[in-house]
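Just below is one structure, and these are the notes that go with it.
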Amino acid sequence: MIILIDNYDSFTWNLYHFLGDLGQKVKVFRNDKVGIDKLIGLKPKAFVISPGPGEPTSAGISVDLVRRCVDSKIPLLGVCLGHQAIAYALNGKIIRAQKIFHGKICEIITDEKGIFTDIPKNFNATRYHSLVIEEKSLPNDLYVSARTEEGTIMGVRHKNNIIEGIQFHPESIATEYGHKMLSNFLGLIK
């Protein structure tokens, strides 16, 4: 079972359906309606932290859940706000983006590893965000797995755990290889 944390965002349900299409049983919990101990007690294969409005500090249990996943070596995928929560939980700084993106398609350049395995190095993805991870504050436990052409961080990966974050939306219809990225994540946790 995969536990999907809903940060009060309609894209949560797109992720839910994508994961279901990939044969996963998924349980959804709102970020402020359940405790972390209860979630861990359900013994999920992995957590997915959804997109959402605001910043990591207003995302309910998301930041503390990232820390717990790191400490307990539980696989985790963070999307958009979930991606930012990963960096923030490990003492990274989240800052205003130079440009605001709402439904904009941009080219993403990846390291072709982890969730980007067997996906072209460059592909188009849809972005919906006004915040980004500050490069100079990137935590030592993370490395950049994807960027835009301009160099903005679009993906991070934990150095020792199966923890991946992506700033863009794999569940958006205009993102190329979205199902494949989620399938790759599921392949990492088998």
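Observations, loosely collected:
- Cα centroid separation - region 126-156 against region 61-78, whole Å: 18
- Normalised per residue, the volume of the convex hull around the Cα set of the chain (Å³): 100
- Each of Lys159 and Asp111 was given a label point 7 Å from its Cα along the Cα-to-Cβ line. The distance between the two points is 1.1 nm.
- Take the Cα of Asp21, step 7 Å toward its Cβ, do the same at Ser72, and the gap between the two points is 3.0 nm.
- Cut-off of 10 Å, at most 14 other beta carbons, DSSP loop: longest stretch of the chain lacking such GluC sites (Glu not before Pro): 1-111
- Placing +1 on the Cβ of every Lys and Arg and -1 on the Cβ of every Asp and Glu, with nothing else charged, gives the chain a dipole about its Cα centre of roughly 440 debye.
- Within region 2-188, percent of DSSP bridges classed antiparallel, to nearest 5: 60
- Full-extension gain in nm, Gln98 to Lys121, via 0.36 nm per residue minus C-alpha separation: 5.9 nm
- Sum of -39500 (n - 2.57) over DSSP H runs of 4+, divided by residues of the chain (222 nm, nearest 500): -7500 deg cm²/dmol
- Sorting Thr57, Thr117 by the number of Cβ atoms found within 10 Å of their own Cβ, with the fewest placed first, yields Thr57, Thr117.
- Calculated on C-alpha atoms, the gyration radius of region 85-147 divided by its Kirkwood radius gives an Rg/Rh of 0.98.
- Summarising the amide proton neighbourhood of Ile49: residues at separation of 5 or more, or on other chains, whose placed amide H is nearer than 5 Å comprise Ile5, Leu77, Gly78, Val79.
Computed from the coordinates by the stated procedures, all read-outs in this text should not be read as laboratory data. This is a predicted model, so every value here is computed, not measured. Quick reminder, even Gly has a Cβ in these numbers, built from the backbone with ideal geometry, and neighbours come from all protein chains shown.
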